[in-house]
1. By count of other Cβ within 10 Å, fewest leading, how are Met60, Met95, Met157 ordered?
2. Can you compute the FRET efficiency between Leu80 and Ala237 using 1/(1 + (r/R0)^6), with r the Cβ-Cβ distance and R0 = 45 Å? Round to the nearest 0.05.
3. Test of understanding: ordering Arg83, Arg167 by Cβ neighbours within 10 Å, fewest first, what list do you get?
4. Taking just the alpha carbons, could you work out the radius of gyration and Dmax for the range 166-241, both in angstroms?
5. For the range 31-96, what does the alpha-carbon gyration tensor say about shape, rounded, prolate or oblate, given a ≥ b ≥ c as the root eigenvalues, a/c under 1.5 as rounded, and a/b over b/c as prolate?
6. What is the gain in length, in nm to one decimal, between Ala184 and Glu223 on full extension, counting 0.36 nm per residue of separation less the C-alpha to C-alpha distance?
7. Build a GNM of the chain with springs between Cα atoms under 10 Å: which of Gly76, Gly47, Gly162 gets the top mean-square fluctuation?
8. Considering the Cα positions of the range 17-239, please state its Rg to one decimal place and its Dmax as a whole number of Å.
Amino acid sequence: MAAIAESLPQVPGRDDRGFFLGGAIAMAATIAAGFVLNLVMGRSSFGAPLIIHAHALTFMGWVVIFLTQNILVAGGNIVLHRRLGWLAAGWVVLMLVMGCAVTAFDIRAGRVPFFFKPLQFLVFDPLSLIAFASLTYAAIALRRRTDWHRRLHFSGMAILVGPGVGRILPMPLLAPWAWEVSFAVCLLFPLAGIVADLRRSGRAHPAWFVGLAVTFGLLVGTEAITYSPVGGALYKAVAAGSAGADVPPLALGHPPGPPPAAKPPAG
């Protein structure tokens, strides 16, 4: 997260730092709860491949950075906030690399969660990162405009809450709309920002609508590519020569465990 060049004016009832700190805590808690629940229920383990651990550390690192930045701003420590901001700007590049690498790894290994269509998974993971990075770097570019800076960062972070939400929701019961449902839940965070603005000043800041436009662009782009020849060609290229090449790209997988027994022929 980039530096905030100036703090909000101290006008009674109009300082929104409390909202952004509370939102950051809520998003971080949602993500942490999802991954802890996954571990407790045995759906993940420390025996995962090294690339999975590297991916987890990279993305949890961002959660820590985002939360720390909001704590620093709430406490008025703008100097340290600025210094940490430049580290965070570079961290986003690492997230893009690791996110795409793990997505390709999962596709090639044929280990996409069974409630996702493999091709949709291949598309929405990188597009989610691109949407997040676009909002984050826009926030960096507008770091001297605190009102835009905070809201764009918040909207970008809301996109990353999806994996945490997906580990809390009963995703198998939501198939084939599992991703769309988790996407909808993530919208609650920027919508809460709009409500907070309306209560505070009587109007919603335009940055929220930019964030929502990018987020809905992610949804439209994912669906358009998934069900297009471009998506099919992309899946074929990524999965070529691997176990994933034998996985139907638009079919849901089977839940863990033995496959269902075949029905005996009639008569």
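1. Values: Met60 14, Met95 19, Met157 28.
Sorted ascending by nearby Cβ count, the order is Met60, Met95, Met157.
2. Computed FRET efficiency for Leu80 and Ala237 comes out at 0.50.
3. Arg83, Arg167
4. Just the Cα atoms of the range 166-241 yield Rg and Dmax of 16.9, 57 Å.
5. oblate
6. Full extension of this stretch gives 12.6 nm more.
7. Gly47
8. Answer for the range 17-239, Rg first and Dmax second: 17.5, 51 Å.
Read-outs: derived from the displayed coordinates by stated rules, not from any lab. Just so it is clear, the structure is predicted and the values come from calculations on it, not from any experiment. So basically every Cβ, Gly included, is an ideal-geometry build from the backbone, and we count neighbours across all protein chains shown.
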